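A short write-up of the structure that comes next.
Every read-out reported here was derived from the displayed coordinates using simple, explicitly stated rules and does not represent laboratory data. Only a predicted model underlies this, so the values are computations on that prediction, with no experimental measurement involved. When we count neighbours, we look across all protein chains shown, and the Cβ atoms used for this are built from the backbone with ideal geometry, even at glycine.
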Amino acid sequence: MLALTRKTMISNDPNVLIPRPGRSRFLASLGMTTKFSACRASPVVSYDMTKLLAFVGATLGGYVGWALGALAGPFMAFVVSMIGTGFGMYWGRRLAQHLGA
């Protein structure tokens, strides 16, 4: 069984169960089958916008982290930049969820 996690929007009713999309056509062309699991319908989510805001957040977080960490040296700049990148990705995704993107 192949577990797929990406949700899609078919109905505004949160009680509607919908199949998760995936690689069924590709796997069927190879002679393989998958068993789809069901998930609840979610609000319209643009994964492209979520990824874009996560990327922008990671870029800004990494820049701010580097600027702050550079005050203590290059190694600290790298470490704080990685932490800032993580925070930026988190807050970028949260912003996307908040905006309904």
So how do Val64, Val80 line up by other beta-carbon neighbours within 10 Å, fewest first? Val64, Val80
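Starting from 0.36 nm per residue, how many nanometres of slack lie between Lys51 and Ala67 once their C-alpha separation is accounted for?
Values: separation 16, 0.36 × 16 = 5.76 nm, distance 2.41 nm.
The Lys51-Ala67 span can extend by a further 3.3 nm.
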Evaluate the distance, in nm, between pseudo-label points positioned 7 Å from the Cα of Leu60 and of Phe75 along their respective Cα→Cβ axes. 3.2 nm
